[in-house]
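Only the coordinates and a few stated rules stand behind these numbers; no lab work does. Only a predicted model underlies this, so the values are computations on that prediction, with no experimental measurement involved. Cβ: placed from backbone, ideal geometry, glycine included. Neighbour counts: every protein chain shown.
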Amino acid sequence: MNFFTSDTHFDHRKIIEFCGRPFESVEHMNAEMVRRWNAVVSISDTVTHLGDFALTSATRVAEIRSQLAGEIVIVVGNHDSRKALRRAGFDHIIEGSMTSIVDGQKVYLRHVPHPLEVEDRDSLGVDAPAGTDLHLCGHVHNRWKRVRNVVNVGVDQWDFAPVSLGQILGRPSLRGTPSRDVDAATADARTLFRAVKHGGL
């Protein structure tokens with residue numbers, strides 16, 4: 001099964017204050033996000049992480065990665081250290097963006113919402129690139145969850161755990177909690193994830 005997430009910011013103490021995360025400490029945040037990840041992701045699953053995995057040393061990035069179930073494809077975010085990601089043994093490290101076929105539909109994956117730049121965080125002008133059906137992104141944390149066919153899969157919007165396509169599309173999740181924010185007609189929840197293009201359209 002395939003899951004999506006972004007902006008975990010493991011080991012980033014200030015993110016608790018910046019985003020109003022409901023954790024007592026960074027240790028509490030790390031442990032709880034690992035627990036929630038492993039509650040829904042199995043060893044045979046694939047998680048596409050859309051960037052900003054952790055703000056910490058390369059050694060700690062590797063330690064945290066080792067605690068997480070599943071294959072992890074990471075689209076590099078503006079706070080990620082490429083050297084740390086390589087040392088941590090992520091299965092695939094993608095620069096820029098990627099487009100994937102999900103049940104016959106094109107899904108565009110990028111850390112920063114298209115066509116914004118790193119310094120932009122509002123929703124003005126956000127849209128999926130022409131020729132794609134759905135755009136999943138991160139970067140904007142708790143500012144917004146969905147704009148048209150663009151969905152922020154960051155943990156601040158999704159109970160601090162990876163989410164399946166079914167949850168993103170508003171269908172019952174593995175935990176029985178439907179998303180209220182996304183049109184369920186966009187695509188089917190039964191997915192076969194295949195990365196077909198790196199570096200954008």
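Things to note:
- Whole-Hz ³J(HN,Hα) from phi, Karplus 6.51 cos²θ - 1.76 cosθ + 1.60, for region 4-10, glycine and proline x: 9, 7, 6, 6, 5, 6, 3
- GluC sites (Glu not before Pro) restricted to DSSP loop in region 1-66 with at most 10 other C-beta within 10 Å: Glu24
- Radius 10 Å from Cβ of His9, net charge of other residues (Lys, Arg +1; Asp, Glu -1): -1
- For region 23-68, a/c is not less than 1.5, where a ≥ b ≥ c are the root eigenvalues of the C-alpha gyration tensor, and a/b does not top b/c. That puts it in the oblate class.
- Exposure proxy shown here: for His28, His139, His79, the number of other Cβ atoms within 10 Å sets the order, fewest to most, as His28, His79, His139.
- Fewest-first sequence of Val150, Val75 by Cβ atoms within 10 Å of each Cβ: Val150, Val75
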